[in-house]
Amino acid sequence: MDKKEQQPQPPTTAFPHDHHHISPSTTCINCGGPTTYPTPPPSSNPTYIPIRFPAVNLPMNPTNTKEAIMRTPVPQSQKVAPLEPPYNFQTPVKIISNQNDIAQFHSSSTLANFLGFVVSLSESIKSHKLSDPCHASPVVSTIVDVIEKLITFVDEIPPAPQAARYGNVAYRSWHERMSSDAESFMLLLLPADLRNAAIELVPYFTDSFGNSSRIDYGTGHETNFAAWLYCLARLQIVKEEDYQALVSTVFVKYLELMRKLQLTYSLEPAGSHGVWGLDDYHFLPFIFGSSQLIDHKYMKPKSIHNEDILENFASEYLYLSCIVFIKKVKKGLFAEHSPMLDDISGVPTFNKVNSGLLKMYKVEVMQKVPIMQHFLFGAIIK
């Protein structure tokens, strides 16, 4: 953004306050700052796309990110490529450290297949309520039972008394207990000939619930949960007929656990764009939730502003559930604390919302070095 396009920003003060001005002046009583700003002159750069002021951890030129999303093809569903024997399971490791690694990853069949799996999950729940009957194999029930167990751990490990806004240290005790039981949880899912796969599954699983050192959680951890499910699909432990149940029961239960962890232990949002991002913690429930609402007879993207709809249908639709949770934990006007979601509510159909979010997930999550530098690669995800 050049100097012509920069708008003056109000001066920062120790306490938030409303700007009051003394007529006819445009000076704030509280801070002495201006209460009105001149309209910027027309841009000298015809390709400039106006966007809101970026968060500090966005790329230097956020316009490029927006253009990248617009130009990215919508990811398409793919059948998961099954892992063929002989197996050579190994402890997965971090490989990505720079943008060149990201470029190599994005030209690989690995990423295409993983994103294809995410799209397949999204399509499996298309136009379905969460309560709609669907096939659920015993392994789906086992996964739900495991997550239920992790929820009981939260009840048994209360938050420690502390004044800090974020990062309750009791979360580390929860994380340690979860990690110590992780291998036994994996063995509940694995047949005898695949028991050695636990060495790969455990790291994806334990990384799905946040980082115990930083006491934070974000879209990278959520992506690890999707990667863990993808590993189970490659091992053919979960199959295509399970996909709808993976979203409507497994992912919903995972979301319940993560919200409980966020509220109980005040997890820091990991890598959040703050007010300029989609959500402080999650991305996938917006993808799955928008798919649920495709071709709905009554609900449109703007329906998120209807309190009656939110109250009556949040339990059936993930997208609405996310909006309700955000309104519960954030104060003030929705358009101010969640401007991107507010903008999305102006999109005419949920079909367009879903395709846009899939493109955004590829660019904003899977192409970001700060997120993907923690992603693991082994024999299942090469």
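The values are calculated or read from the model by the stated rules, or taken from the named source; none is laboratory data. Source: prediction; values computed, not measured. Reconstructed Cβ throughout: ideal geometry from the backbone, glycine too, with neighbour counts over all protein chains shown. Keep in mind that these areas ignore ligands, DNA and RNA; they rest on the heavy atoms of the full protein, side chains included. Shrake-Rupley method; radii C 1.70, N 1.55, O 1.52, S 1.80 Å.
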Task: Where a residue in segment 180-208 is over 19 Å from Y254 (Cα atoms) and its partner, wherever it lies, is part of a loop (DSSP other than H, G, I, E, B) and among the small types (G, A, S), with Cβ under 9 Å and at least six apart - done: A197/A379; I199/G378; E200/G378; E200/A379
- [ ] Name the helices (runs of 4 or more DSSP H) wholly inside segment 158-250 in which the number of residues that are surrounded by fewer than 18 Cβ atoms within 10 Å (Cβ to Cβ), over 17 Å from the mean Cα position of the chain (by Cα) and of a type outside the set (G, A, S) is 3 or more.
- [x] 170-189
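Residues are listed down the side, and each one gets a yes or a no for (1) on the phi > 0 side of the Ramachandran plot; (2) at pLDDT 95 or above; (3) crowded, with 16+ Cβ neighbours inside 10 Å; (4) in contact with a Leu (Cβ under 6 Å, 6 or more places away or on another chain):
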residue: V80; (1), (2), (3), (4): no, yes, yes, no
residue: I96; (1), (2), (3), (4): no, yes, yes, no
residue: Q99; (1), (2), (3), (4): no, no, no, no
residue: A112; (1), (2), (3), (4): no, yes, no, no
- [ ] Look through segment 318-339, keep the residues that are of a type in the set (K, R) and part of a loop (DSSP other than H, G, I, E, B), and return whichever of them is most open to solvent (accessible area, probe 1.4 Å).
- [x] K331
- [ ] Please state which of the following conditions K66 fails to meet, knowing it meets all the rest: (1) modelled with pLDDT under 95; (2) open to solvent by less than 30 Å² (accessible area, probe 1.4 Å).
- [x] (2)
- [ ] Might you let me know whether segment 293-303 holds any residue that is among the acidic types (D, E), modelled with pLDDT of 95 or more, open to solvent by 60 Å² or more (accessible area, probe 1.4 Å) and assigned to a helix (DSSP H, G or I)?
- [x] no
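Table: residues versus (1) acidic (D, E); (2) more than 17 Å from Y281 (Cβ to Cβ).
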position	(1), (2)
E156	yes, yes
R172	no, yes
E183	yes, yes
L190	no, yes
A198	no, yes
L201	no, yes
T206	no, yes
S212	no, no
Y217	no, no
